[in-house]
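The values are calculated or read from the model by the stated rules, or taken from the named source; none is laboratory data. Please read all numbers here as calculations on a predicted model, not as lab measurements. So basically every Cβ, Gly included, is an ideal-geometry build from the backbone, and we count neighbours across all protein chains shown. All accessible areas refer to the heavy atoms of the entire protein, side chains included, with ligands and DNA or RNA removed. Shrake-Rupley method; radii C 1.70, N 1.55, O 1.52, S 1.80 Å.
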Amino acid sequence: MKLALNILLFSTLVFSQDTVRVYKYYNDINLLLENSDESSTNEQVLIDELEQLRNNPVSIQTAKRNELAKIPFFTSAIVRKIMRARDTLGITSAKILQEIISFDDRTMQFIQPCISFKKNQTNTTWLPQGYIFRSRINKELQQTKGFSEHLYGGNTFAVLKKIYARSTEYSAGLLFQQDAGEIFSHKYLSGFFEFHSNDIVEKILIGNYSINIGEGLLLSRASSISKSGNPVSQIKKRNAEIVSHLSSDEFHYFQGVAASFTIERWHLLSFYSDRNLPATIDDNETVHSFYTTGLFRTDNEIKKMYGVREQVSGVSTAFEFNRTDNIGVSLINFRYDKAIENSLLKLSRNESSTLFSTHAAIIIDEALFFGEAAMQRNSNASGLVGMLYKVSRHVSLSFHARLYANNYKNPFAYPFGENNGITNDESGRYIGIEVTPNTWCKFSSFYDEFALKSASAFQLMGSEKFLRSELYVNKQFQLYLQHRNKSKEIMNTSEVTGFHFIEKRMQQNYKLGYTFRVLTQLELAQRYELVNTAYSISAFRGKGMLLTTEVSTRNSKSQLWGTVRATVFDTDSYDSRLYHYEKNVEGGYANPPLFGQGTRWYIVLGYDISSAITFSFKFSETNKVGVTELGSGDDVIQGNLDDQLTVQLDVVL
């Protein structure tokens with residue numbers, strides 16, 4: 001505790017240089033993740049997606065609409081502005097781009113590694129023009145129950161290796177991952193080979209990939225952020241179509257072949273996937289749940305590894321009216337070789353299911369209108385509509401309405417909503433606003449009202465309000481204040497009678513933070529957060545607090561970089577837990593729930609051995625007060641300390 005409090009007074013080192021490194025956007029990535037209220041593989045996919053984009057910047061000068069749409073915060077309206085401006089004025093620098101799209105300095109700093117202003121090379125070659133190699137080892141320093149009782153067959157190290165190569169004609173990658181406790185034969189492999197060109201055949205990909213189409217009602221990659229990530233633009237999906245999968249997420253991807261074609265204004269996409277999914281299966285060969293953790297250490301976990309075969313095929317076509325206005329139709333068909341009976345799907349063995357959708361996006365003046373409708377056999381239609389409207393240079397508005405039918409069952413969808421990608425039994429209305437009256441302050445807010453169905457078919461109502469104020473006193477000092485108020489009906493069970501009843505769960509979060517650039521290379525940051533939870537019928541109440549201090553420095557002349565953060569937390573229970581996204585080695589992700597009473601601190605250090613080789617590590621420690629064990633199940637640790645060490649080597653050629 002004393003060590004953590006001392007670090008709270010001092011703290012971190014963070015370095016950035018001109019080459020693409022994750023530590024360059026350590027602070028800026030909080031634009032997407034600072035309001036994350038849970039830890040999930042979806043955010044790890046987002047980290048991997050951003051890293052891949054920064055290793056392959058999109059050319060503002062020559063990129064097509066779907067390539068520009070990959071860039072964070074680039075809506076269809078912004079893409080249209082860019083495509084029009086580069087044909088008339090030319091966009092040759094970040095300063096010119098910023099004037100056209102009216103992004104603030106912080107957002108521009110975030111997207112700059114994702115873009116370039118070079119024109120595509122006219123000379124094509126199959127010879128590799130760049131390589132990326134990564135080797136990472138992670139170890140839990142305390143022994144868990146799974147190792148002490150010899151429940152796991154593998155060693156105590158988690159290993160990840162990744163290699164990626166690209167040329168003007170292709171890109172290819174391979175990822176190897178073996179979790180702690182797994183034996184070598186139960187490792188995870190992911191790879192792809194992608195051919196791309198500017199001709200009729202745009203892209204052919206063989207291997208692991210994901211598909212994004214429309215607004216996510218039919219197909220969407222499971223890369224999402226917390227609903228309070230960006231109050232205006234978060235309702236609109238970025239339509240990036242075929243995306244290679246080189247992520248440590250072992251579940252959310254397709255495996256097979258995908259291709260896209262362009263003939264003048266027509267765009268066509270088709271794909272086929274055939275893979276085995278891990279699942280929980282009963283004695284009657286019926287799947288009751290899919291197993292998404294990617295951990296295969298114990299006999300029980302290994303039994304789930306190749307649970308059910310999934311076959312998916314699909315086709316999508318779209319017509320562009322004027323580069324950005326478009327309308328499209330899509331169709332997918334899928335089947336499983338075992339019966340499926342879970343909360344989302346109910347299918348007989350080898351029964352096929354076909355889903356159809358149509359989507360559109362149209363820009364009128366400064367307003368973008370978009371929507372998608374989808375349905376499947378014997379189901380009602382599901383749909384959503386939305387609007388992003390740039391009222392003026394200082395004010396932006398957004399609106400979203402959704403109605404996801406009770407019998408629309410789609411395991412590949414991930415639209416905007418309250419239910420974390422589940423597409424059935426939800427309706428809602430959303431409005432967001434962002435106001436930037438001048439260069440030194442910004443206000444953003446949203447209100448979301450929704451209705452969900454419970455397992456017993458009762459309708460559960462809820463709403464969420466969010467308000468954030470940012471004050472830029474000068475280039476050195478930024479202050480922010482944030483309030484989040486969520487009220488949601490839930491189904492609960494009486495401990496006395498065992499009867500089910502509906503009650504309202506209410507949660508309020510308050511955040512106050514600042515960043516202060518003490519020197520050119522030295523920045524201090526602190527954050528204080530409070531949470532209060534209450535229930536309308538049961539007597540349970542909860543509260544919690546979190547205090548974090550961090551100092552960062554950016555010095556392009558130094559080869560040494562790093563960060564240290566310390567956090568003190570005190571919550572009544574897991575129900576009032578708090579999250580704070582952590583910095584990590586490049587490509588790593590950590591957002592652990594903090595509950596109970598204790599401290600957590602970590603240090604990330606790295607050294608640029610040369611312009612191409614970087615060595616880095618992260619050490620983290622959680623210390624809880626008044627407990628004799630941490631974790632649950634086979635991952636229980638005896639004692640109140642949880643220490644982890646990660647070591648990584650990156651080579652970029």
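Quick look at the values:
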item	result
Residues (in contact with a strand residue (DSSP E or B) (Cβ under 9 Å, 6 or more places away or on another chain), touching a residue at least 40 places away in the same chain (Cβ under 8 Å) and either surrounded by fewer than 18 Cβ atoms within 10 Å (Cβ to Cβ) or not aliphatic (A, V, I, L, M) (or both)) located in the range 293-321	Gly294, Phe296, Met305, Ser313, Gly314, Val315, Ser316, Thr317, Phe319, Glu320, Phe321
Wholly enclosed strands (runs of 3 or more DSSP E) of the range 276-344 bearing at least 1 residues out of contact with any Leu (no Cβ under 9 Å at 6 or more places or on another chain) and within 20 Å of Phe412 (Cβ to Cβ)	279-281, 286-290, 308-320, 326-336
Condition met for Glu550 (modelled with pLDDT of 80 or more, closer than 23 Å to Thr599 by Cα and out of contact with any Pro (no Cβ under 6 Å at 6 or more places or on another chain))	yes
Contacts under 7 angstrom Cβ, first residue in the range 196-213 being in contact (Cβ under 8 Å) with a residue 12 or more places away in the chain, partner among the polar types (S, T, N, Q) and part of a loop (DSSP other than H, G, I, E, B), 6 or more apart	Asn212/Ser220; Asn212/Asn239; Ile213/Asn239
Exclusive hit being free of Cβ contacts under 8 Å to residues at least 24 places away in the same chain and assigned to a strand (DSSP E or B), set Tyr528, Tyr510	Tyr528
Selection status of Asn474, open to solvent by 60 Å² or more (accessible area, probe 1.4 Å), under 19 Å from Ser552 (Cβ atoms) and either assigned to a loop (DSSP other than H, G, I, E, B) or in contact (Cβ under 8 Å) with a residue 24 or more places away in the chain (or both)	yes
Complete set of residues in the range 592-609 that are outside any strand (DSSP E or B) and within 21 Å of Thr646 (Cα to Cα)	Pro592, Pro593, Ile609
Residues within the range 614-646 that are within 27 Å of the chain's Cα centre (by Cα) and β-branched (Val, Ile, Thr), tallied	3
Test result for Gly562, open to solvent by less than 20 Å² (accessible area, probe 1.4 Å), without any contact (Cβ under 8 Å) to a residue 40 or more places away in the chain and outside any loop (DSSP other than H, G, I, E, B)	no
Out of Ser248, Ser270, sole residue that is under 27 Å from Ala172 (Cβ atoms), in contact with a strand residue (DSSP E or B) (Cβ under 8 Å, 6 or more places away or on another chain) and assigned to a strand (DSSP E or B)	Ser270
Subset of the range 499-551 (residues that are hydrophobic (A, V, I, L, M, F, W, C), open to solvent by less than 20 Å² (accessible area, probe 1.4 Å) and over 19 Å from Ser463 (Cα atoms))	Leu546, Val551
Per-region count, the range 357-371, residues surrounded by fewer than 16 Cβ atoms within 10 Å (Cβ to Cβ) and either among the charged types (D, E, K, R) or within 21 Å of Asn410 (Cβ to Cβ) (or both)	2
Identity of the residue in the range 47-73, in contact with a Cys (Cβ under 7 Å, 6 or more places away or on another chain) and assigned to a helix (DSSP H, G or I), that ends up farthest from His196 (Cα to Cα)	Arg54
Odd one out for Gln44, checked against (1) at pLDDT 75 or above; (2) open to solvent by less than 30 Å² (accessible area, probe 1.4 Å)	(1)
Enumerated strands (runs of 3 or more DSSP E) restricted to the range 74-187, each holding at least 3 residues that are of a type outside the set (Val, Ile, Thr) and open to solvent by 70 Å² or more (accessible area, probe 1.4 Å)	157-166
Residue within the range 249-261 that is in contact with a Pro (Cβ under 7 Å, 6 or more places away or on another chain) and either closer than 28 Å to Asn350 by Cβ or surrounded by fewer than 19 Cβ atoms within 10 Å (Cβ to Cβ) (or both) present	no
Residues satisfying the stated conditions in the range 372-387, i.e. closer than 27 Å to Gln98 by Cβ and open to solvent by less than 20 Å² (accessible area, probe 1.4 Å)	Gly386
